[in-house]
Amino acid sequence: MAATGFLLPALSEQRIFKRHCAPVSWCGHRNLRRSFEPPVAATAFLLPSFSEPRIFKPHRPPVSWCGCLNLRRSFGPPAAALPASSGQSLLLAKADLLDLISDQERGVLTEGNPARRSEIVRAVEALSVYGKDMTTSGPSLSGTWRMLWTTEKEQLFIIKNAYLFGTKTGDVLQVIDMEKGLLNNVITFPPSGVFFVRSTCQAASAQRVNFRFTSAVLRGDGWQIPLPPFGQGWFESVYLDEDIRVAKDIRGDYLVVDRAPYTWTE
């Protein structure tokens, strides 16, 4: 997700957020990697307590992912070892990335596992080969995107520490409207809390989008607090299809998102 432009105070980790379970529709692909070798290539605010906190229930990615994940059972070598022109290779690259991030609690566990981070980055790079000729800064970028995994420390800090404020982190979203030139970074706190940063955005190239923060709001049930964001930046969507998007940003962070089954609005 694009950088939120907030500086976060250091808080000691007292406990880890309950494991973000992989969706059922991924067809048990965590176990797939047992049969394969690793891939070759490849913001400051305080959250008040929200009433009736609930444990976040993981989302279910599109059913169509099952097919590409099952391909790994049939074709053997990692996608990066196959010809770039092969459609099967693309599906394998996608499946390999999703497999690697499936048990990482949206990136929380990756922070303490440099080896896994390196594996995931290689998988991102392998998949980006198939997106190098894509135009990903146009209408296809618009929509409500839900975070599956990131290296962005601000996002991970909130995911890990929301419990300190009596709540849980729900979906983390990036809502983009390229026609209107708007981008919202959204963090939900069920049942009724939300923090979002508004931005303007504009395509700078076939894959790069520039953005500038304009305002931020922390909202609960019947109240809201405006917060002053600052900064600007860019991100590049190095791969995008009907299911997922993979992006790199100005700070070198990575983001993997899927298309949410709903549209978020303010």
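The values are calculated or read from the model by the stated rules, or taken from the named source; none is laboratory data. The structure presented is a predicted model; accordingly, all values stated were derived computationally and were not measured. Glycine gets a Cβ as well: all are built from the backbone with ideal geometry, and neighbour counts include every protein chain shown.
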- Message: Anything in the stretch 95-122 that is in a helix (DSSP H, G or I), under 16 Å from the mean Cα position of the chain (by Cα) and farther than 14 Å from Ile244 by Cα? List them, or say none.
- Response: Leu100, Glu105, Arg106, Gly107, Thr110, Glu111, Arg117, Ile120, Val121
- All-but-one check, Tyr130 against (1) buried (at least 17 other Cβ atoms within 10 Å of the Cβ); (2) modelled with pLDDT under 95; (3) touching a Leu at 6+ places or on another chain (Cβ under 8 Å); (4) not in a loop (DSSP other than H, G, I, E, B), failing number (2)
- In the stretch 175-200, what residues are closer than 17 Å to Pro139 by Cβ and among the charged types (D, E, K, R)? Asp177, Glu179, Lys180
- For residues in the stretch 245-260 being within 17 Å of Thr151 (Cα to Cα) and aliphatic (A, V, I, L, M), which is farthest from the chain's Cα centre (by Cα)? Ile250
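Residues checked against (1) at pLDDT 95 or above; (2) within 16 Å of the chain's Cα centre (by Cα); (3) part of a strand (DSSP E or B):
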{"site": "Ile176", "(1), (2), (3)": "yes, yes, yes"}
{"site": "Glu179", "(1), (2), (3)": "yes, no, no"}
{"site": "Leu183", "(1), (2), (3)": "yes, yes, yes"}
{"site": "Thr214", "(1), (2), (3)": "yes, no, yes"}
{"site": "Leu218", "(1), (2), (3)": "no, no, yes"}
{"site": "Tyr239", "(1), (2), (3)": "yes, yes, yes"}
